[in-house]
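Please read the structure below before turning to the comments.
The values are calculated or read from the model by the stated rules, or taken from the named source; none is laboratory data. Only a predicted model underlies this, so the values are computations on that prediction, with no experimental measurement involved. All Cβ positions, glycine included, derive from the backbone under ideal geometry; neighbour counts span all protein chains shown. Heavy atoms of the whole protein, side chains included, go into the accessibility calculation; ligands, DNA and RNA do not. Shrake-Rupley method; radii C 1.70, N 1.55, O 1.52, S 1.80 Å.
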Amino acid sequence: MVDALGISLLVVMLATIALTTRKFMQRTRTQKRTIDRKEEELRALFEQTPIPVFYFDRDLHVKKFNQAFKEFFGNPNDFELRDFDIHKIQDKRMITLLESVIQRGKEVEYDGPYYSSYQNQEFRVLAKIVPLYNDEKQIIGGIASFQDKTLEVESIEYLEKLAAHDPLTELGNRRSLLRALHKLVSSSPTERRFSLLYYMDLNQFKPINDTLGHNFGDLVLQEVSKLLRSLAPEEGNVFRYGGDEFVILHSHCCYTEEEARQRGVSFAKELNRRLRREIFVDQYHLSMHASIGIIVITEDMKEPDEIIRHADIAMYQAKTHKSDYTFYSVDMDKRRKKSFFLRQSLSSPDLTKQLELYYQPIYAMECHQLVGAEALVRWKHPKLGRLMPQEFISLAVECGEIGRIGNWVREEVCRILKYTEAQGDMIRFISVNIDAHELGNKNFTRGLWQQIERHGIDPSRIVLEITENSLVDNFSLLQNNISALKEMGIRWAIDDFGVGYSSLSYLQRLSFSILKIDRSFIASLLEDPHTAFLVSHIGQIAIHLGYKIIAEGIETEAQLDKLLKIHPEMMCQGFFCKRPMKESQFLQLVDNKYRLSKEEKSGCTDSQKTRR
């Protein structure tokens, strides 16, 4: 009985052990399959990751690597790579990095060039290298992964080149110029303390584009660029600043400012000489010319934008004066800033409230009788004080404000003429200077006539003065307005006759009332017999054609006497006769019926031509 119970217990125990063992084995097999699957996943992850990865031992032998690693090196066979001794590669920078990981046990990153012996090619790589430990926390090697950034770096470099270079001429652009100037002004002082910057603009380039097309114009710019490269000093840099503007920077080229200026003059002259002779495009030989602004860069100049701005000012000065080159000076900048400030002030609604008229008397030379006056505008600027016409009239023309100024002047003249008439002091005329841009305005004739009618004055008492050059340059455009105003009874005067084209045919065609002989003739009247001859014959022709003559700029009694001998019927105007005067003084002069008295006069200098 006991034996049977023992046997039963043994059977039960063996069955339990068997069941437990079976379950354990099943669990073990399941765990192994899981481990195998994970190992396979890890192996697949290692093999298929797109980033090159390899494992190396302490001796820097390659132990394992993935497919991306093989592909990076041009797919050599596994035999060539497995156990490859990394010490054999030519690029020692990588060996140093791997050794530092083994020795220090710290992660290392590297972003830079790598030369591959397999491809005989340099790459840009971003590498990350970490130490590999065993269970005892001992370093047994390392794992390295890296990315090929060659295409990315080359793309960035290409974009940077595009950003810093002009694609048409392959010269540096504005950004590149600013970078070069920043480097120059930030550099340490050298014995050669002076640098040169040439800012040039091609003259008459637009007609080339307009006549032969923009593609042809691009070819011209390319040829000019080649010439500038060949002319630039070895240490100089050439830039296309924009359009047809180029800059040459010659850094640290001179020991003294005088040497720099001499070199600048020599280079500018040679540049224009070569531009005239050496630009050939297709079958055309183009005689080019550049206006060149030159600035001598000194050690105290630290702002690249200001350096360029100053060179630009000098270039426009050269262009304005039609010269090959101009050196920058501080006075140019002052004039430019004043000009900018005046342009803003000209648009002020209070402009006409700041204007004032002066009147310079005109006398009959033979009888010394006051016969008229010339109205001369002044600008009483709130900050700059009283400004003469030559300081703001040309700016007013450019800004489109000349009409507002001219309208105010003519309104004031009409008012004065009416006032003198009401007082019984009939002055024959007051002359007003007008600009060709005003006269070309379609509303000019109607506007002036409305002013005359509003004040109820005789139109013949207004004389409109226009310069000889303005007439000749714009005759066809102005002829209709001139004729219409003459028909209304308004008289005309040719101003500054003799300094421009002096076309006698225009005297006949215009049939004006008055001819004003320019002051330059009067200035040399006593010293140069040829001048007296010219004045005499100009006067004879003008009188024959029905003109009255006014001699401007009389400064001395001797000049007046000489003119009396030549043409006693002339009228005279100048500082010797009377200086320009305010309205109140002029009205008092008219009221007193002032006659020219030589005994009251003394010589004076008519240094400025003060006219509107």
* To do: Quick one: give the max-minus-min coordinate of the C-alpha atoms of region 223-328 along each principal axis, largest first, in Å.
  => 48, 30, 24
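Compute the length gained on full extension between ARG175 and ARG309: take 0.36 nm times their separation in residues and subtract their Cα-Cα distance, giving the result in nm to one decimal. Before the final figure, lay out the partial values.
On the way: separation 134, 0.36 × 134 = 48.24 nm, distance 1.46 nm.
Result for the pair: 46.8 nm of gain on full extension.
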* Which of the peptides 420-433, 276-289 is most tightly packed, and how do the rest follow, going by the mean number of other Cβ atoms within 10 Å of each residue? -> 420-433, 276-289
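Tell me what the chain gives for mean residue ellipticity at 222 nm when only DSSP H runs of n ≥ 4 count, each as -39,500 (n - 2.57), the sum divided by the residue total, rounded to 500 deg cm²/dmol.
Values: 21 runs with 290 residues, N = 612.
Rounded to the nearest 500, it is -15000 deg cm²/dmol.
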* Pop a pseudo-label 7 angstrom from the Cα along the beta-carbon direction at both ARG82 and PHE24 and give the gap in nm to one decimal. => 3.7
* Asked: What spacing in nm lies between the two simple spin-label points modelled at GLU152 and LYS302, each 7 Å away from Cα in the Cβ direction?
  -> 3.8
* To do: Quick one: check the C-alpha center-to-center distance for region 530-588 versus region 80-134, whole angstrom.
  => 97
* Asked: In whole Hz, what ³J(HN,Hα) sequence does region 311-325 give by Karplus (6.51, -1.76, 1.60; θ = phi - 60°), x for Gly and Pro?
  -> 5, 5, 4, 5, 5, 5, 5, 5, 5, 4, 8, 6, 10, 5, 7
* Structure fact -> Between the modelled labels at ASP57 and LYS418 (7 Å from Cα along Cα→Cβ) the distance in nm is 11.5
* Taking only protein heavy atoms and a 1.4 Å probe, what accessible area per residue, in Å², does the chain have with all protein chains in place? -> 54
* On a 0 to 90 degree scale, rounded to 10, what angle separates helix 214-231 from the longest Cα axis of the chain? -> 80
* Compare the peptides 389-401, 204-216 by average per-residue count of other Cβ atoms within 10 angstrom and give them in order, highest first. => 389-401, 204-216
* Given 25 °C and 0.890 mPa s, how large is the Stokes-Einstein diffusion coefficient of region 278-344 in µm²/s, with Rh as the Kirkwood radius over Cα pairs? -> 180
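Which value in Å does the Kirkwood hydrodynamic radius of region 353-451 take, with 1/r averaged over all unlike C-alpha pairs and then inverted?
Values: mean 1/r = 0.0672 Å⁻¹.
Mean inverse Cα-Cα distance, inverted, gives 14.9 Å.
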* **Given charges at Cβ of Lys, Arg, Asp, Glu: region 341-396 dipole, positive-most of PHE392, SER345, LEU370** => SER345
* What number, in percent, do you get for the relative contact order of region 306-406 if the mean sequence gap of Cα pairs under 8 Å and at least 6 apart is divided by its residue count? -> 19
* **Angle in degrees between helix 174-186 and the longest Cα principal axis of the chain, rounded to the nearest 10** => 90
* Structure fact -> Stretched fully, the stretch from ILE139 through SER266 gains (0.36 nm per residue minus C-alpha distance, one decimal, in nm) 38.6 nm
* To do: Evaluate the charge dipole of the chain about its Cα centre and quote only its size in Debye, nearest 20, assuming +1 on the Cβ of each Lys and Arg and -1 on the Cβ of each Asp and Glu.
  => 1240
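In terms of the ratio Rg/(2.2 N^0.38 Å) built on C-alpha atoms, what value belongs to the chain?
Working: Rg = 45.5 Å, N = 612, 2.2 N^0.38 = 25.2 Å.
So the chain has a normalised radius of gyration of 1.81.
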* To do: Give the long-range amide H neighbours of GLY489: residues separated by 5 or more places, or on another chain, with amide H under 5 Å away, using H modelled in the peptide plane at 1.01 Å from N.
  => none
* Calculated FRET value between ASP561 and ASN441, using beta carbons and R₀ = 45 Å, to 0.05 -> 0.55
* Asked: Ordered by residue, what ³J(HN,Hα) values in Hz, to whole numbers, does region 140-154 give under the Karplus form 6.51 cos²θ - 1.76 cosθ + 1.60, where θ = phi - 60° and Gly and Pro are x?
  -> 10, x, x, 10, 10, 10, 8, 10, 7, 9, 4, 5, 5, 5, 5
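Once Rh is set to the Kirkwood radius over Cα pairs, what Stokes-Einstein translational diffusion coefficient, in µm²/s, holds for region 383-529 at a temperature of 37 °C and a viscosity of 0.692 mPa s?
My calculation gives 198 µm²/s for D.
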* Express the C-alpha Rg of region 533-590 as a ratio against the empirical globular expectation 2.2 N^0.38 Å, rounded to two decimals. => 1.31
* **Amide H contacts under 5 Å for LYS548, placed H, 5+ residues apart** => ILE514, LEU515
* Apportionment of accessible area to carbon and sulfur, region 160-290, percent (1.4 Å) -> 47
* Asked: What is the packing order of peptides 570-581, 403-414, 448-459, taking the mean over residues of other C-beta atoms within 10 Å and listing the highest first?
  -> 570-581, 403-414, 448-459
* **For the chain, with +1 on Lys and Arg beta carbons and -1 on Asp and Glu, the positive-most of TYR358, ILE292, ILE543 along the dipole** => TYR358
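I need to check one value: relative contact order of the chain, counting alpha carbon pairs closer than 8 Å and at least 6 residues apart, in percent.
Numbers: 954 pairs, mean separation 51.0, N = 612.
Here the relative contact order equals 8 percent.
Of the accessible area of region 431-565, with the probe set at 1.4 angstrom, what percent is carbon plus sulfur? Don't jump to the answer; show the numbers that get you there.
On the way: 3050 of 6040 Å².
Solvent-exposed carbon and sulfur of region 431-565 make up 51 percent of the total.
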* Hey, any idea what Rg/Rh is for region 211-257, computing Rh the Kirkwood way over Cα pairs? -> 1.12
* By how many degrees, 0 to 90 and rounded to 10, does the Cα axis of helix 92-104 deviate from the longest principal axis of the chain? -> 60
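Can you give the FRET efficiency to the nearest 0.05 for LEU10 and ARG33, using r as the Cβ-Cβ distance and R₀ = 51 Å?
Details: r = 34 Å, r/R0 = 0.67.
Between LEU10 and ARG33 the formula returns 0.90.
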* Asked: Once you treat every alpha carbon in region 101-259 as an equal point and sum by Debye, what is log10 I(q)/I(0) at q = 0.12, 0.13 Å⁻¹?
  -> -0.76, -0.82
